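The values are calculated or read from the model by the stated rules, or taken from the named source; none is laboratory data. Since we're looking at a predicted model, the values are computed, not measured. Positions of Cβ are generated from backbone atoms using ideal geometry, with glycine treated the same way; all protein chains shown enter the neighbour counts. Accessible surface areas use protein heavy atoms only, side chains included; no ligands, DNA or RNA. Shrake-Rupley method; radii C 1.70, N 1.55, O 1.52, S 1.80 Å.
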Amino acid sequence: MKWVKGGVITLAALLIVAFVALATWEPFFATPSEAPEYREYSAEIVRDEFGVPMIYGETDADVAFGVAIAHAEDDFFTLQDVAAMSKGRYSAIAGEEGATFDYVYHLLDARGTAEREYPKLPADTRALFEAYAAGMNEYAEQHPEEVKLSNLFPVNGEDVAAGFALRQPFFFGLGNVIGPLVAGEELRREFGPDIPGFPRKHAKPVAEGTAHRGGLVLPWGEEADHLGSNAWAVTPERSGGPTTLISNSHQPLRGGVAWYELGVQSGEGWHFTGANFPGSPFPFLGHNEDLGWTNTVNRPDMADVYQLVMNEAGDSYQLDGEWHALEQETVTLPVKLGPINLPVRRTIYRSSHHGPVIKNDNGVFAIRYGGMGRIDQLDAYYRINKAKTLEEWETQIARMAIPSTNFIYADRAGNIAYVYNAAIPDRPELEEVSANWRGILDGSRSELIWDGTVEYAEIPKLINPASGWLYNANNEPFTAAGEGSDLSPDDFSAVLGIERKQTNRSRRAYMLLSEADGPLDRAALERMKYDMTYLREGYVDRLWTELESSEFGDAWPDPDMARARELLINWDFTADNEGPGDALALTMILSFMGAEYNNKPWPDVGEKLAESVAHLNEHFGRIDPPMSDLLRLRQGDVDLPLDGGSDTLRASTFWRVDDDGRFSLVHGDSFIQWVEWPTDSGRVVSRSIQPFGAATNRPDSPHYTDQMQLYVDHQLKPVRFYEDDVRAAATSTKTVTNAR
């Protein structure tokens with residue numbers, strides 16, 4: 001039996017060796033980044049009473065260095081996730097969920113894009129990104145106990161750029177193309193009227209009857225389906241006072257695309273306050289002394305799908321009668337599973353003519369999307385941060401470098417503007433109807449493979465409408481400024497793929513703004529921003545029409561189901577925590593909103609109502625609890641009641657269901673900033689709020705939860721923009737440097 005015992009020992013030794021290998025291989029096989037060339041940076045981080053940092057530096061690069069350190073002080077946890085995504089190593093942190101990101105990283109060739117395009121950026125832009133990377137490296141070096149993935153640092157500017165290349169396409173819905181293709185499911189591609197092959201018309205840059213004053217990160221998943229935002233801009237004439245810009249972004253409250261509030265000021269004229277995402281050296285929205293802007297997600301048809309004609313071996317595709325080899329690359333995803341990392345091998349395919357390629361049971365499909373292979377948005381965002389006039393700002397937007405998102409703009413001079421910004425593919429103008437751009441295209445025809453984007457003149461935009469106001473709530477661009485000021489869809493070709501959708505938020509905002517007979521002053525706009533009403537239109541009307549159907553009443557003998565139906569039929573359509581049907585309505589509406597907005601199958605009303613009744617009975621012992629008992633804002637030990645619905649202007653969009661059955665908000669009103677420029681030469685005034693606080697991932701910080709009560713109470717805090725105000729309110733001041 002000695003040989004049996006020896007065999008067991010040998011097997012155990014082999015298992016130990018295998019375990020150690022799987023637990024340790026990933027960092028050694030990861031390709032390390034070359035650290036940025038050494039340069040000495042120095043920045044001052046001054047935090048106000050809410051912990052929001054204002055970062056000062058002699059140069060813009062000094063400030064970018066400080067931005068990275070300030071953000072790391074508040075949320076190094078998430079910054080590391082973003083850094084791992086930018087290197088295709090997120091699965092080593094997040095396991096199977098991270099593998100999705102890493103697969104897309106390789107599929108979209110985020111690293112290759114950064115390697116090719118980053119050196120082409122202007123030197124001052126690259127200097128900004130190298131400084132930001134140096135700041136992340138400095139923090140990691142000084143706090144090694146917080147680093148959660150070996151060999152993740154150093155990072156460099158190219159790494160940061162790769163993160164931009166990975167995440168940006170998902171804001172215009174690329175996940176709704178990639179996800180179904182990977183799964184072999186039917187694509188949901190309805191963005192507007194399905195009228196292929198229309199010749200493109202050049203859009204009117206300004207609506208008739210208006211005046212031009214002075215010129216002008218998430219891959220697919222249920223949470224990503226509910227992205228949204230609200231934005232307003234009002235002229236001094238209409239407000240009766242200042243030019244007003246309201247930024248009301250709806251983003252996840254935590255994670256890689258959660259807003260981080262900050263301010264920056266350099267000796268080179270960069271002075272801005274707003275918010276960015278982890279992994280960015282500059283704010284993406286906010287204001288400087290002279291102008292500001294905010295964004296909402298738009299969903300133009302930015303991606304085309306081609307079915308390739310393959311040879312029998314499956315390694316070549318046909319184009320115009322000739323065969324071309326399909327590019328292949330095998331990548332290893334380091335998928336974390338408990339204490340080990342499994343090396344999961346995947347083959348990535350690309351067509352040199354079309355773009356990324358996905359094989360499924362239905363065939364071989366290539367994807368081409370607007371902004372593919374570009375990262376010049378990094379430079380455009382930097383330039384608009386420093387713009388001083390409408391003309392300077394619009395010059396940067398007109399580059400079509402920022403792939404998507406609506407822009408709502410306002411400035412000290414009293415100008416307001418709306419730009420349906422999108423790097424829409426410059427599709428060929430074909431007369432035949434066989435090229436259905438929203439369907440599956442014939443990948444063997446080179447004439448269907450476009451190059452570049454449409455001209456800026458061709459996309460919808462409005463500048464200084466006669467109404468004196470502009471808004472967007474993730475709706476079509478043809479309801480933005482009111483009757484007599486709105487653009488007409490007839491002036492834009494269907495080939496552009498502009499969405500023709502309305503949200504409840506849009507319908508409600510349009511109604512409130514259009515019907516306002518007094519000034520759109522602060523009080524009036526506050527009532528609109530925190531409005532919690534649903535209009536019985538669109539998907540809401542369809543849902544309630546089905547609920548009212550006598551067929552449903554006859555089919556539900558269960559008394560709780562019958563009473564639930566009655567509560568909903570008699571509901572006041574206001575998610576304000578005051579009606580007995582509010583909680584029940586909250587549990588119902590989200591699924592039907594998502595189905596309409598994302599072109600998903602309409603849910604079964606009876607099944608959804610039964611789920612809602614069962615949930616409320618199980619966790620509350622009744623079907624009519626106060627909605628404030630159900631919907632909560634939770635962080636650490638703070639647990640507060642919330643109001644607002646999934647698609648109301650006061651937005652509580654999406655939540656997780658906690659063990660106690662409560663809905664804990666994870667997506668909705670996130671960073672809110674309210675900016676006012678007085679008509680005289682006085683100072684710009686702004687206020688803001690975050691759902692939790694400045695230090696979202698630092699439980700020991702006093703700023704972990706200190707904005708929660710204000711958020712729940714519909715209150716805003718002051719934004720400290722000018723240096724004397726910043727220093728007067730300062731609770732901490734520190735100088736950070738990498739000097740050796």
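Under the Karplus relation 6.51 cos²θ - 1.76 cosθ + 1.60, θ = phi - 60°, what is the ordered set of whole-Hz ³J(HN,Hα) values for region 59-64, x standing for Gly and Pro?
My calculation for region 59-64 gives 10, 4, 5, 4, 5, 4 Hz in order.
Using C-alpha positions alone, give me the convex hull volume of region 457-589 per residue in cubic angstrom.
Numbers: hull volume 19.2 nm³, N = 133.
Once divided by residue count, the hull of region 457-589 is 145 Å³.
Could I have the simple spin-label model distance between E97 and D572, label points 7 Å from Cα toward Cβ, reported in nm to one decimal?
Placing both labels 7 Å beyond Cα along the Cβ direction yields 3.8 nm.
To the nearest 10 Å², what's I178's accessible area with a 1.4 Å probe?
0
To the nearest 20 debye, what is the magnitude of the charge dipole of region 230-333 about its Cα centre, counting +1 on the Cβ of each Lys and Arg and -1 on the Cβ of each Asp and Glu?
Working: 3 positive and 13 negative charges, 167 e Å.
The dipole of region 230-333 has a size of about 800 debye.
Which order do D637, D541 take when ranked by solvent-accessible area (1.4 Å probe, heavy atoms of all protein chains), largest first?
Numbers: D637 160, D541 60 Å².
Correct descending sequence by accessible area is D637, D541.
With just the Cα atoms defining each centre, how far is region 492-546 from region 669-688? Give it in Å.
What the calculation gives is 24 Å, centre to centre.
Dipole magnitude of the chain about its Cα centre, charges +1 at Lys/Arg Cβ and -1 at Asp/Glu Cβ only, in debye to the nearest 20?
1160
In Å and whole numbers, how far do the C-alpha atoms of region 570-639 stretch along each principal axis, longest first?
38, 27, 24
Could you put S664, S352 in order of accessible surface area, largest first, with the 1.4 Å probe and the full protein assembly present?
Most to least solvent-accessible, the answer reads S352, S664.
If one computes P(r) from the Cα atoms of region 266-336, what percent of pairs lie at distances over 15 Å? Let's see the in-between values first.
Values: 1895 of 2485 pairs.
Summing the P(r) of region 266-336 above 15 Å gives 76 percent of all pairs.
Can you pull a Stokes-Einstein diffusion coefficient for region 308-460 at 25 °C (0.890 mPa s), Rh from Kirkwood over Cα pairs, as a whole number of µm²/s?
The Stokes-Einstein estimate is 130 µm²/s.
Once ligands and nucleic acids are excluded and a 1.4 Å probe is used, how much of R116 is accessible, expressed in Å² to the nearest 10?
120
Rank F692, F654 by accessible area, highest first, at a 1.4 Å probe radius?
Numbers: F692 5, F654 25 Å².
In descending accessible area the options line up as F654, F692.
Using +1 at the Cβ of each Lys and Arg and -1 at the Cβ of each Asp and Glu in the chain, identify which of Q707, N598, A72 lies farthest towards the dipole's positive end.
Of the options given, the answer is A72.
Compute the Kirkwood hydrodynamic radius of region 651-711, taking the inverse of the mean of 1/r over all pairs of distinct Cα atoms, and give it in Å to one decimal. The partial results should precede the final answer.
Numbers: mean 1/r = 0.0723 Å⁻¹.
When all Cα pairs of region 651-711 are included, the Kirkwood radius is 13.8 Å.
Tell me the GluC sites (Glu not before Pro) within region 452-552 that lie in a loop according to DSSP and have at most 11 other beta-carbon atoms within 10 Å. Mind dumping the intermediate values first?
Details: sites: E455, E458, E483, E499, E515, E526, E537, E546, E548, E551; in loops: E455, E483, E499, E537.
For GluC sites (Glu not before Pro) across region 452-552 that sit outside H, G, I, E and B with at most 11 neighbouring Cβ atoms in 10 Å, the list reads E483.
Count the net charge of all other residues whose Cβ sits under 12 Å from the Cβ of E96, scoring Lys and Arg as +1 and Asp and Glu as -1.
In short, -1.
Mind running the shape call on region 631-740? Use the C-alpha gyration tensor, a ≥ b ≥ c as the square roots of the eigenvalues: rounded below 1.5 for a/c, prolate if a/b tops b/c, oblate otherwise.
Oblate, since a/c reaches 1.5 and b/c is not below a/b.
Could you give the accessible area per residue of the chain, probe 1.4 Å, as a whole number in Å²?
37
Once amide H atoms are placed 1.01 Å from N in the peptide plane, what residues at a sequence separation of 5 or more from G286, or on another chain, have their amide H within under 5 Å of its amide H?
Excluding prolines and chain starts, which carry no amide H, the hits are W293.
Given R₀ = 35 Å, FRET efficiency for D700-Y530 by Cβ-Cβ distance, to 0.05?
0.60
Calculate the translational D of region 244-379 in whole µm² s⁻¹ from Stokes-Einstein, where the hydrodynamic radius comes from the Kirkwood formula applied to all Cα pairs, the temperature is 20 °C and the viscosity 1.002 mPa s.
110
Treat every Asp and Glu Cβ in region 363-408 as -1 and every Lys and Arg Cβ as +1, leave all other atoms uncharged, and give the resulting dipole magnitude about the Cα centre to the nearest 20 debye. Let's see the in-between values first.
Values: 6 positive and 5 negative charges, 25 e Å.
Here the size comes out at about 120 debye.
Output needed for region 590-681: three equivalent-ellipsoid semi-axes, defined as square roots of 5 times the C-alpha gyration tensor eigenvalues, in descending order, whole Å. Please report the intermediate quantities before stating the final value.
On the way: eigenvalues 184, 80, 23 Å².
Values for region 590-681, descending: 30, 20, 11 Å.
How many Å³ per residue does the convex hull of the Cα positions in region 77-189 occupy? Can you show the working numbers first?
Values: hull volume 11.9 nm³, N = 113.
Measuring per residue, one finds 105 Å³ for the Cα hull of region 77-189.
Using only Cα positions of the chain, each an equal point scatterer, no hydration layer, compute I(q)/I(0) via Debye at q = 0.10, 0.12 Å⁻¹ and quote the log10 values to two decimals.
-1.06, -1.51
Could you point to the residue in L166, P281, Y132 farthest towards the positive end of the chain's charge dipole, with +1 and -1 charges on the Cβ of Lys/Arg and Asp/Glu respectively?
Checking the options against the dipole of the chain, the answer is Y132.
Over region 320-432, calculate the relative contact order: mean separation of alpha carbon pairs under 8 Å at least 6 apart, over the residue count, as a percent.
Averaging sequence separation for qualifying contacts and normalising by length gives 15 percent for region 320-432.
Test of understanding: extend the Cα→C-beta vector of S514 to 7 Å, then name every residue of region 461-492 with backbone N under 15 Å from that spot.
467-473, 475-489
Roughly what would the spin-label model give for A466 and V182, points 7 Å off Cα along C-beta, in nm?
5.0
Along the Cα-to-Cβ line of R563, 7 Å from the Cα, sits a label point; which residues in region 624-664 have backbone N less than 15 Å from it?
Correct set: 624-626.
Carbon and sulfur atoms: what percent of the 1.4 Å accessible area of region 684-739 do they account for? Mind showing how you got there, number by number?
Numbers: 1170 of 2430 Å².
Heavy-atom surface of region 684-739 belonging to carbon and sulfur, 1.4 Å probe: 48 percent.
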